[in-house]
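Nothing in this text is a laboratory measurement; each read-out follows from the coordinates by a stated rule. Please read all numbers here as calculations on a predicted model, not as lab measurements. Cβ atoms come from the backbone with ideal geometry, glycine included; neighbour counts cover every protein chain shown.
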Amino acid sequence: MKNKKLILIGFTLSILLVFSLATNIISNSWMLLTDNANYIPEESNLLFFNPTQIDDGSGGYWRYGEDLKNYYYFSTEKEKTYFLIEKNNDCVKFSKLDIRTWCAAVEKSI
């Protein structure tokens, strides 16, 4: 009986380890805990949001990010604003790391 419990505990820990390594939950949780200026866009989630470019300055917040469906841009021009665009878009010469190429971006407030 004791061996079955140890096997079950080991299996559960293995599943949790694989889950945490296969998603962004650990890095996103750390980002949110250590810097109150950071956030996850409401269209995304803690598991799958991936910051693809971090600000060069001392802020350490994400500048560009993505998830399974959208790309995101954190605006430096407008306070508490971000833009999103679907990954499946028709923009000519689209670059996920250049907001100027986002032909159909949607503006959102935090």
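Across the range 44-58, the residues whose backbone nitrogen lies under 18 Å from the label position 7 Å along the beta-carbon direction of Ile110 are 44-46, 49-58. Each stretch of four or more DSSP H residues adds -39500 (n - 2.57); spread over every residue of the chain, this sum gives -9500 deg cm²/dmol at 222 nm.
Over the chain, the hull volume per residue, using the convex hull of the C-alpha atoms, is 127 Å³. With both labels modelled 7 Å from their Cα along Cα-to-Cβ, the Leu33 to Asn89 distance reads 3.3 nm.
Taken over the range 65-110, the alpha-carbon convex hull comes to 69 cubic angstrom per residue.
Charged side chains reduced to their Cβ positions (Lys and Arg at +1, Asp and Glu at -1) give the range 2-109 a dipole of some 660 debye around its Cα centre. Working from Cα pairs under 8 Å separated by at least six residues, relative contact order for the range 3-110 is 15 percent.
Between Ile85, Thr23, Asn38, the Cα set farthest toward the positive side of the dipole of the chain (charges on each charged residue's Cβ, about the Cα centre) is that of Thr23. Amide H contacts for Asn70 (H built 1.01 Å from N in the peptide plane; partners 5 or more residues away or on another chain; cut-off under 5 Å): Lys87. Would you count, across the chain, every pair of lysines whose alpha carbons are under 28 angstrom apart, provided the pair is eight or more residues apart or spans two chains? Counting lysine pairs in the chain gives 17.
For the range 9-109, trypsin sites (Lys or Arg not before Pro) meeting the loop criterion (DSSP other than H, G, I, E, B) and having at most 12 other Cβ atoms within 10 Å: Lys69, Lys78, Lys80, Lys87, Lys93.
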